[in-house]
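Each remark here refers to the structure printed beneath this line.
Any read-out appearing in this document is the output of simple, stated calculations on the displayed coordinates, not a laboratory observation. Predicted, not measured: the structure shown is a model, and the values here were computed from it. Heads up, the Cβs are rebuilt from the backbone with ideal geometry, glycines too, and the neighbour counts pull from every protein chain shown.
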Amino acid sequence: MEKRADHPFGEKDRWVTVAPPGDSLSLSLRPADDEHRAGVDTGIQFGSTDVRATAEELIARGVRFTGFPAEQSWGSWMGEFADQDGNTYVLYDRLTD
C-alpha cells in the first residue's frame with residue numbers, strides 16, 4: 001500500500017488514506033477511540049487467487065496470522081490475520097469474481 005493522504009482533523013485525529021500502487025481503490029484509516037474501538041473483527045475480507053502464497057508473502061512482511069489459511073468444508077481456502085491493534089481480517093480464495 002502507498003499513502004495517498006494524511007490530513008489532521010480535530011484536536012488529535014488524522015484521516016489517512018492508503019491504496020495499492022496504481023489502483024483507484026483506497027482505504028481510509030483513523031485512530032481508535034471510545035466510539036470506534038480497536039481489537040475487533042472488522043468484517044473486511046481480502047481475496048487472492050493464491051491464498052497460501054499470499055499468506056506466506058504477508059508473513060514474510062511481518063503480518064501475524066491468527067488462523068493460517070486452510071481448506072474449508074465447502075472447498076475454498078480461508079485464513080485470518082490481525083493488525084498491530086488486534087483487528088482481524090480474512091484472506092480468502094478468490095476463485096471467481
_If I fit a long axis through the Cα atoms of helix 51-60 and take the longest principal axis of the Cα atoms of the chain, what angle between them do I get, 0 to 90°, rounded to 10?_
50
*Could you work out the mean projected area of the convex hull around the alpha carbons of the chain, in square nanometres to one decimal?*
7.6
_With +1 assigned to the C-beta of every Lys and Arg and -1 to the C-beta of every Asp and Glu, and no other charges, what is the dipole magnitude of the chain about the Cα centre in debye, to the nearest 20?_
180
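Count the net charge of all other residues whose Cβ sits under 12 Å from the Cβ of Leu91, scoring Lys and Arg as +1 and Asp and Glu as -1.
Summing Lys/Arg as +1 and Asp/Glu as -1 gives -3.
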*Which value in deg cm²/dmol, rounded to the nearest 500, describes the helix-derived mean residue ellipticity at 222 nm for the chain, given -39,500 (n - 2.57) per DSSP H run of n ≥ 4 and division by the residue count?*
-3000 deg cm²/dmol
_Amide H contacts of Trp15 (H built 1.01 Å from N, under 5 Å, at least 5 apart or other chain)_ = His7, Phe9
